[in-house]
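Please read the structure below before turning to the comments.
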Amino acid sequence: MSVTIESREIVQPSPKPRRRKKDYIQPSPYSFSKGMSRGNIFTRLSLVIFGLGNIAHRQFVKGAIFLAIEVGFIYFMAAQGSAKIGALIRLEGTGQTKTKVNGFWVYQAGQPSVVILLYGISTIVLCLAFLVVAWVAVRSAYKAQVLAAENDGKAPNFMQDMRSLTNVNIQTLLMSLPTAGIAVFTVLPLVFMITMAFTSYDSNHVTRFGWVGLQNFAKVFGSGAGDVNIQLFMSVLAWTLVWAFFATFLNYFLGMFMAMIIERKGTRLKGFWRACFSMSIAVPQFVSLLVMNTMLQPSGAINRLLQQWGWIDSALPFFTDATWARVTVIVINLWVGIPYTIMQVTGILQNIPGELYEAARLDGANSWQLFRNVTMPYMFFVMTPYLITTFTANVNNFNVIYLLSNGDPTPVGASAGKTDLLITWLYKLTVDKSNYNLGAVIGILTFIVLAVVSLVAYRSSGSYKNEEGFQ
C-alpha cells in the first residue's frame, strides 16, 4: 500500500500594515545603536571620551561641553560621590561629638541618616543623568559624522546648532526646563519617599536609622497591634474609594443637572444663576470648610437652632458618629464642588453640535432619549479624562477631610479616624507621630491604587479607544 503525500505551498497571509496615527513621526536616524554599530572610531570612543566625535568633526564648542561634563562628573565622584554612595549603603548617621578646646567643650553636630539618604539618592540620580549624557554624546557624534559625510566633511557648527534649537527643534529647547523640573521636584522626592519605606525612620529613630528591608510592609499587611495593621489599612482604603466615588460622580451628575437646567431654552436670567454659583467659588475653600466645621459641632449654630425650634432634643452627631460624619463630609463636598462642575459642564453643553440633536429629533427622539443617546455619550467622551483626574484628586483630597472633620470620629488609641482618607492618615503618621517609614509605605500603596484605577479606567474609555469619535 502506497501513501502519496501532496506537497502544497503554504501561503502565509501577508501581515496587515501597521496603523499609525496622523501625528506619527519617524524615529531619529541618529540613534545610539546606529552610532555604536555604524559609527567610526571617533563616534564609538565618544562613549568613553565624551565629545571626541564632535571635536573630530570640528564641533569644538559642543565637544568641549560634553568633555567638561564628563570631567566634572569624574571629579565629583572622586571627591564626594563615591563616599556618599558608600554611606548610603551603610546608612549610619553620626551623633553629636564634643572635643575639649582650651578647657572648654566644643560640640559638633552629627550627620543625620536622613541627610545621608538624601545625598546618596541624589548622587545615584546624578549617575543616571551622567548615563543619559553619554547616550546623547554618542548620538551627537554619530550625527556629526553623518552630516559631515553629506556636506563635504563639514558638520554644522555651534551657531548653526543654536539656530536649529530655536527654530526647527524649538520643542527640545522649550521642554527641557519643565522636564528637568519634573525630574528634580517630582521624581527625586518620589524616589526619596520610596526608599524611606525600607528604613527604620520612625519616632524612635529620628536621627540615626538603617535599612530594614520589607519590615514596614509586613507591619502594614500584618494583624499585630500598633499604629498600622491590615484591618485598619483596609478600612481606610475602602472608605477612601467610597468617598472618591461619591465625591466624583455625585458632583458630576448633580453639577451637570444644574447646568442643564440653567442652559435650557425656557430658563430666564441665566447669567444671574451662573453668577450666584460663581460667588461660592470666589470664597476660599478653607474658609467655607472651617465655618462649616464650627457650625456643625455639638454646640454649633445648627444644633442650637434646631434645639431652640424644638425639632431635636439632643445635638445631632455630625462628627461623633461614623455614618453621620461620612454622609456629612460627602454632602458638604457637594456644596463646595458643584459650582466648579457647573462652570466646566456649561462650556461643553454649549459646544455639543446642534446637528446631532436635529438628526435625533427627526428620528422621533424625545427629551430623555436625546439626553441618553446624545448628551450623555458626548459628555462622557469629552470629560472622561476630567473624571479620572477628579477621582484621583478626591482620593488625595486632604483639605475637605482634614479641615472639616479632621478624620473624626477616631476610636481611642487608633491612628486613623472613621473619615480619614489614605492621604490624611499618611499626614498623621508622619507629622503627628513621626513614623515616616510607615507613612512612606502608605504613600506607595496610595500611588499603586491610583495608578491602577486611573490606567484601567482611561484605557476602557471611549476617549482612548475612539479618539476621533466625535470629530
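The values are calculated or read from the model by the stated rules, or taken from the named source; none is laboratory data. Because the structure is a prediction, the values reported are computed rather than measured. Backbone-built Cβ (ideal geometry, glycine too); neighbour counts: all protein chains shown. These area figures cover heavy atoms from the full protein model, side chains too; ligands, DNA and RNA do not enter into them. Shrake-Rupley method; radii C 1.70, N 1.55, O 1.52, S 1.80 Å.
In table form, for the structure just shown:
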{"quantity": "Cα Rg, Dmax, the stretch 279-346, angstrom units", "calculated": "14.1, 43"}
{"quantity": "Cut-off 14 Å between beta-carbons: net charge of the residues surrounding Lys34, Lys and Arg +1, Asp and Glu -1", "calculated": "+4"}
{"quantity": "The chain: relative contact order as a whole-number percent, Cα under 8 Å and 6+ apart", "calculated": "15"}
{"quantity": "Exposed-loop-free span, longest in the chain, where GluC sites (Glu not before Pro) count as exposed if DSSP calls them loop and at most 14 other C-beta atoms lie within 10 Å", "calculated": "93-466"}
{"quantity": "Residues in the stretch 245-266 reached by a label modelled at Ala359 [backbone nitrogen below 18 Å; 7 Å Cα→Cβ]", "calculated": "none"}
{"quantity": "The stretch 299-426, relative contact order [Cα under 8 Å, separation at least 6], %", "calculated": "25"}
{"quantity": "Set Lys219/Lys433; Lys84/Lys433; Lys62/Lys143 screened for pairs whose C-alpha atoms are more than 20 Å apart", "calculated": "Lys84/Lys433"}
{"quantity": "Per residue accessible area in Å² of the stretch 260-368, where ligands, DNA and RNA are left out and the probe is 1.4 Å", "calculated": "65"}
{"quantity": "Calculated from backbone phi, Karplus (6.51, -1.76, 1.60) coupling profile of the stretch 377-393 in Hz, x at Gly/Pro", "calculated": "x, 5, 5, 5, 4, 6, 9, 4, x, 5, 5, 5, 5, 5, 4, 4, 5"}
{"quantity": "Part-to-part distance (alpha-carbon centres) for the stretch 166-202 and the stretch 395-413, which is given in Å", "calculated": "30"}
{"quantity": "Estimated distance in nm for a label pair at Asn366 and Ser31, the labels positioned 7 Å out from Cα along Cα-to-Cβ", "calculated": "6.0"}
{"quantity": "The stretch 207-328, accessible surface, carbon-and-sulfur percent (1.4 angstrom probe)", "calculated": "68"}
{"quantity": "For the stretch 184-190, Karplus couplings with θ = phi - 60° (6.51, -1.76, 1.60), whole Hz, Gly/Pro x", "calculated": "7, 9, 10, 5, 4, x, 5"}
{"quantity": "The stretch 89-98 - phi-based ³J(HN,Hα) in whole Hz, Karplus 6.51/-1.76/1.60, Gly and Pro as x", "calculated": "5, 7, 6, 10, x, 10, x, 5, 10, 9"}
{"quantity": "Percent of Cα pairs exceeding the 16 Å cut-off, where the set is the stretch 331-415", "calculated": "67"}
{"quantity": "Equivalent ellipsoid dimensions for the stretch 247-301 as semi-axes, Å, which come from the Cα gyration tensor, largest first", "calculated": "28, 14, 10"}
{"quantity": "Which labelled figure in (i) 95, 93, 79; (ii) 64, 60, 49; (iii) 73, 53, 43 is Cα extents along the principal axes in Å, once derived from the coordinates", "calculated": "(i)"}
